[in-house]
Amino acid sequence: MNRTRVGIIGGGPGGLMTAHLLQKEKGVGFEATVFEAGPRLGGKVLTRQFATAPISYEAGAAELYDYSQLGPDPLRELIAELGLGTAPMWGEAVVLGERVIETYADIRRAFGNQALRELKRFDARAWNAISPAEYYESDWKQDNADVLSRTSFQALLDTIKDERAREYVRVCVHSDLATEPHRTSAMYGLQNYLMNEPEYMRLYTIEGGIERLVQELARRTTAEIKLGHTVTRVERLPAGYAVTTRHNGVVTRAEFDYVVAALPNNWLPAIDWGAPALSRAVLKHHKHYDHPAHYLRVSALFDAPFWRDRISGSYFMIDAFGGTCVYDESARTPAGAYGVLGWLLGGEPAATMSNLPDEQLVAAVLDTFPQCLGDARAHFLEGRVHRWVGAVNGLPGGFPMQPPEVRHRPEPVGHPGLFVVGDYLFDSTLNGVLDSAELVVDMISAQVRRAVVSS
């Protein structure tokens, strides 16, 4: 049987998931090649260890989302298929002005009845705007006519009349948005705010580190993996596509029936797409989804988990840097007597501060750690920094949002064999990138089957 050749550009989770799904397709023989410009697979899924002690921390993707209580959850199913264990994550605390807020009663005691009324009013509006069932389907729907899709999240925040209630909501979502409230929609802002509600979703991690997911996909794949191969050009042939790569100064050209660009949106313009029509189509695609968002991960090893006398859970929010999620990494990985915290800075503070040296960044997070939780500097042993500027999307799906099939084909008429895969097309999560890969593999398989029938 003739095998269908698929060239996959990008060895991150999207590329590896695409290769894995192609491998599983029954009745269609695929031969995949994965081109990765860097020296490793996995993209922004990265688990690392400190030098002072062999203790792990997440340096990239921080958590996974569990929708299984609402319907099928492909990522949960994939992780189970790969035999990886999981552990739940939870957190309730928000630290505002040296006050730990966990309940409505805490809001009232700290900021008064007006703040509590305004927060309850906002919560009710969020729950009424998006039900759990609608939340589950949100990445597949086109809500272009909804006023929340046409309004900025900042405009929605401005409807909260009490300043402290407004700050509480902003701090809750800033890290997850990875952008500023005025740069994204009210719909996306509310979706991130509702992440904290177990009726909508639950958070979890992979035992031993989230990078085990991509490691296991890479171990099982039959695709040819080409590390250090930068794709410089993709061009249409009379039958299929030619992919040109550069590796250690050597330029190579390979031919494929289909090409899948499993890249962050900001990398697409770096490739020469050959004919003017395709170049224009790819640049139009890039422009539609050009809403770069930013993360900055600062991880610190301490001689003890000194904060746990005052706060518990897998993570908590603090009001530094516009709102930052701090993960208790030592709550999800064995750390002995040590403690590990991981700061997830988002948006403009992450982009701006990424220009600073590591030592200055570590000092900044230690200096802004809430004193009510303890003296971070007194227990500090080692710090690590990982920069993810432009690595995620601040308005996934773009606006206006297009049908899912359209999002994944920049030029379907003239170039029906060229597809894109990415979390920016759905929700900027690993769940979203798997949805994206599944959709593309289904479309490619359908094309191949139609071609077989017509022949």
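Observations, loosely collected:
- Qualifying residue in the range 173-186 (condition: within 30 Å of Gln49 (Cα to Cα) and modelled with pLDDT under 95): no
- Filtering Ala277, Ala300, Ala281 for residues that are at pLDDT 95 or above, more than 27 Å from Asp435 (Cα to Cα) and either small (Gly, Ala, Ser) or outside any loop (DSSP other than H, G, I, E, B) (or both) leaves a single hit, Ala300.
- All positions within the range 98-121 that are surrounded by 16 or more Cβ atoms within 10 Å (Cβ to Cβ), in contact (Cβ under 8 Å) with a residue 12 or more places away in the chain and charged (D, E, K, R): Arg99, Glu118
- Scope the range 276-286; condition touching a residue at least 60 places away in the same chain (Cβ under 8 Å) and surrounded by fewer than 18 Cβ atoms within 10 Å (Cβ to Cβ); matching residues: Ala277, Lys284
- Qualifying residue in the range 317-326 (condition: touching an Asp or Glu at 6+ places or on another chain (Cβ under 8 Å) and over 30 Å from Pro404 (Cβ atoms)): yes
- Residues in the range 58-81 that are in a strand (DSSP E or B) and closer than 21 Å to Arg297 by Cβ: 3 in all.
- Entry remark, the range 436-455: residues being farther than 19 Å from Ala32 by Cβ and part of a helix (DSSP H, G or I) number 3 in total.
- Residue under evaluation Leu217, criteria (1) assigned by TED's automatic domain parsing to the domain that holds Arg407; (2) part of a loop (DSSP other than H, G, I, E, B); (3) among the hydrophobic types (A, V, I, L, M, F, W, C), criterion not met: (2)
- Residue that is at pLDDT below 95, out of contact with any Leu (no Cβ under 9 Å at 6 or more places or on another chain) and surrounded by fewer than 13 Cβ atoms within 10 Å (Cβ to Cβ), where the choices are Ala145, Ala124: Ala145
- Selection status of Val243, outside any loop (DSSP other than H, G, I, E, B), crowded, with 16+ Cβ neighbours inside 10 Å and β-branched (Val, Ile, Thr): yes
- Candidate set from the range 215-241 (those that are under 20 Å from Val448 (Cα atoms) and hydroxyl-bearing (Ser, Thr, Tyr)); member that is farthest from the chain's Cα centre (by Cα): Tyr241
- A search for C-beta distances below 9 Å between a residue of the range 241-258 that is within 17 Å of Ala32 (Cα to Cα) and any residue that is among the aliphatic types (A, V, I, L, M) and surrounded by fewer than 10 Cβ atoms within 10 Å (Cβ to Cβ), counting only pairs 6+ apart in sequence or on different chains, returns Glu255/Ala239; Asp257/Ala239.
- Residue that is farthest from Phe153 (Cα to Cα), among those in the range 173-187 that are touching a helix residue (DSSP H, G or I) at 6+ places or on another chain (Cβ under 7 Å) and of a type outside the set (A, V, I, L, M, F, W, C): Asp176
- Residue match in the range 401-421 (condition: surrounded by 22 or more Cβ atoms within 10 Å (Cβ to Cβ), in the same structural domain as Ile271 (by TED's automatic domain parsing) and of a type in the set (Asp, Glu)): no
- The range 287-298: number of residues that are over 18 Å from the mean Cα position of the chain (by Cα) and touching a residue at least 12 places away in the same chain (Cβ under 8 Å): 1
- Here the range 236-260 is the region considered, the condition is being of a type in the set (Ser, Thr, Tyr) and touching a Ser or Thr at 6+ places or on another chain (Cβ under 8 Å), and the residue that is nearest to Glu31 (Cα to Cα) is Tyr258.
Matching residues to (1) under 20 Å from Thr47 (Cα atoms); (2) under 22 Å from the mean Cα position of the chain (by Cα); (3) assigned to a helix (DSSP H, G or I); (4) not assigned by TED's automatic domain parsing to the domain that holds Leu203:
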| position | (1), (2), (3), (4) |
| --- | --- |
| Met317 | no, yes, no, no |
| Gly342 | yes, yes, no, no |
| Glu348 | no, yes, yes, no |
| Thr352 | no, yes, yes, no |
| Glu359 | no, no, yes, no |
| Val365 | no, no, yes, no |
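- Beta carbons closer than 7 Å, at least 6 apart along the sequence or on distinct chains, pair a first residue in the range 372-392 that is more than 17 Å from Pro357 (Cβ to Cβ) with a second that is of a type in the set (S, T, N, Q) and not in a strand (DSSP E or B) for Leu381/Thr52; Gly390/Asn266; Val392/Ser428.
- Scanning the range 246-273 for residues that are in a strand (DSSP E or B) and surrounded by fewer than 19 Cβ atoms within 10 Å (Cβ to Cβ) gives Arg246, His247, Val250, Val251, Thr252, Arg253, Ala254, Glu255, Asp272.
- Residues within the range 4-34 that are part of a loop (DSSP other than H, G, I, E, B) and touching a strand residue (DSSP E or B) at 6+ places or on another chain (Cβ under 9 Å), tallied: 5
- In the condition set (1) over 30 Å from Ser131 (Cβ atoms); (2) in the same structural domain as Ala262 (by TED's automatic domain parsing); (3) under 19 Å from the mean Cα position of the chain (by Cα), Met17 is compliant with all but (1).
- Any hit, the range 93-108, residues being at pLDDT 95 or above, touching a His at 6+ places or on another chain (Cβ under 8 Å) and small (Gly, Ala, Ser): no
The values are calculated or read from the model by the stated rules, or taken from the named source; none is laboratory data. Computed from a predicted structure; not experimentally measured. Cβ coordinates were reconstructed from backbone atoms using ideal geometry, including for glycine residues, and neighbour counts include every protein chain displayed.
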